[in-house]
1. So what's the net charge close to Ile439: Lys and Arg +1, Asp and Glu -1, counting the other residues with Cβ under 11 Å from its Cβ?
2. Would you list which lysines come within 22 Å of Lys113, measuring only between C-alpha atoms, while excluding same-chain residues fewer than 8 positions from it?
3. So for Ser211, Ser384, Ser223, Ser114, fewest C-beta neighbours within 10 Å to most, what's the order?
4. List the aspartates and glutamates whose alpha-carbon lies under 19 Å from that of Lys323, not counting same-chain residues fewer than 8 positions away?
5. Enumerate by residue number the GluC sites (Glu not before Pro) in region 375-459 meeting two conditions: DSSP loop (anything except H, G, I, E, B), and at most 10 other Cβ atoms within 10 Å of the site's Cβ.
6. Using a 10 Å cut-off on Cβ atoms, rank the peptides 137-148, 183-194, 254-265 from the highest mean neighbour count down.
7. From the Cα gyration tensor of region 230-307, with a ≥ b ≥ c the square roots of its eigenvalues, which class applies: rounded if a/c is under 1.5, or else prolate if a/b is larger than b/c, or else oblate?
8. Once the other residues with Cβ under 11 Å from the Cβ of Arg390 are scored (Lys, Arg +1; Asp, Glu -1), what is the net sum?
Amino acid sequence: AAGVDRDDAGRLTVQGLGAPDLAAEFGTPLLVLDEDDFRARARAFRSGFDAAFADLCGGADVYYAGKSLLTLSTARWAAEEGLRVDTASGGELAVALRAGVDPAHIGLHGNNKSDAELTAALEAGVGRIIVDSIDELEHLAALAAEQGRRAPVMLRLTPGVHAHTHDFIATAHEDQKFGLSLAPATTDRDGNVAGRSPASVAVAAALAAESVDLLGVHCHIGSQIFEADGFGLAAERVLEFLAQVKAEHGVELAELDLGGGHGIAYTAVDAPRPPAEIAAALADDVQKALERLQLACPRISIEPGRAISGPAGLTLYTVGVTKTVDADTPDGGTAARRYVAVDGGMSDNPRPVLYDADYTAVSAARTSDAQAVLTRVVGKHCESGDVLVRDVYLPEDLGRGDLLAVPATGAYTHVMASNYNALTRPAVVAVAGGRARVIIRRETQEDLFAREADPRLGR
Ligand code: LLP
């Protein structure tokens with residue numbers, strides 16, 4: 001992972017390049033991506049899943065979930081490592097296509113795709129459109145028919161498996177916007193048929209639609225998941241559904257995508273398992289279910305994002321203001337807490353604010369013999385909630401001009417960044433083979449006016 005090594009001078013290094021040198025050359029805040037690490041993680045998923053499912057299902061496909069960190073470079077790295085690319089909007093689709101990803105290896109997601117997005121996917125000839133609702137299925141079927149095209153469809157199911165993770169990013173509840181429930185509906189509204197599950201209504205409709213190629217089904221049970229059992233249980237429920245489809249329609253659907261959500265280590269308490277192990281455990285569960293249900297194995301695919309891009313990234317910040325306050329302790333006393341403010345914050349990494357996400361921070365330019373004290377790393381935004389790392393022990397002598405690194409920031413940071421308080425978004429630098437290359441340049445203040453129309457700008 002990026003930022004786990006130090007050189008003899010105590011400076012943090014990424015692929016042998018010193019953090020202070022990177023900061024000096026490219027400025028801070030800076031998102032440093034370890035390209036070799038990203039590629040190695042992509043390969044580990046690819047080979048781990050392919051090997052685990054080789055005998056059972058003739059292998060497996062891995063779609064890189066672009067939403068976690070999609071740029072022309074990362075899409076290309078994923079494709080070069082043999083991965084396919086999962087996109088979540090017309091914009092992400094455009095990036096994947098521009099990166100040269102084979103359209104047949106692209107999937108398009110979204111619970112509310114526009115006509116323009118659906119048409120772009122059909123025109124490009126993407127390999128799969130993951131359909132989220134009965135409404136969308138009917139709409140896409142009509143759109144494809146109008147255009148004289150056939151839509152390659154995967155149906156997104158909600159198997160009712162709830163991942164043990166933060167509520168905002170768990171997506172397997174039935175009472176949520178995504179997917180077709182496997183549970184029978186109680187109402188005759190919005191395409192539902194009372195007594196039948198939305199999933200089975202959708203399968204029947206998809207099989208009946210001339211303009212639809214029903215490839216298979218999809219499910220995604222949540223994010224930052226460590227318990228492998230969740231994936232197995234979801235697979236089992238969805239395979240039971242495929243057996244039901246076979247009994248009802250005499251059709252064995254060819255593809256099954258089990259989504260992403262594989263957890264990573266943000267701090268030392270997280271202990272993710274290697275992809276090969278996750279794959280082996282899942283293959284075991286799939287095999288048992290197939291035997292019990294007397295089904296042939298569909299082509300299996302998964303969609304990891306965070307587990308590929310997250311650990312490959314590290315954000316470098318420069319320390320500015322520090323102060324120490326008296327903080328209340330749980331036992332009713334007070335203790336000193338140090339605040340260390342850096343030159344970025346919730347605009348380059350909104351995850352702590354949005355999800356209460358935990359990160360850690362380390363001194364990046366030097367080690368120190370000073371006492372480690374309880375520290376809160378905060379940003380520079382006009383908001384007291386603008387915290388990057390809630391509690392971390394950092395050397396007491398850390399001060400103005402020092403460099404801090406926050407590891408595991410590759411996923412859902414750059415892609416969720418904003419210009420709040422008119423801060424300019426950081427550059428993204430890729431490090432490979434001992435060299436650093438800017439893949440996204442730092443925003444300038446002039447960029448802040450790029451979309452404004454005002455007489456002072458002459459437009
Ligand atoms: N496939 C589907 C259908 C998804 O909805 C997602 C994530 C993924 C794959 C990739 O999941 P991953 O392997 O990256 O966990 N912004 C939130 C995460 C939202 C995830 C949404 N869907 C965060 O920063 O934690």
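1. Taking every Cβ under 11 Å from that of Ile439, the sum is +2.
2. Lys67, Lys177
3. Neighbour counts put them in this order, fewest first: Ser384, Ser114, Ser211, Ser223.
4. The qualifying aspartates and glutamates are Asp343, Glu383, Asp386, Asp391, Glu396, Asp397, Asp402.
5. Those that pass, being in a loop and sparsely packed, are Glu452.
6. For the peptides 137-148, 183-194, 254-265, the packing ranking is 254-265, 137-148, 183-194.
7. Prolate is the answer for region 230-307, as a/c is 1.5 or above and a/b outweighs b/c.
8. With Lys, Arg at +1 and Asp, Glu at -1, the neighbours total -1.
Read-outs throughout are calculated quantities, based only on the coordinates presented, and are distinct from any laboratory measurement. Values in this document were obtained by computation on a predicted structure and should not be read as measured data. Heads up, the Cβs are rebuilt from the backbone with ideal geometry, glycines too, and the neighbour counts pull from every protein chain shown.
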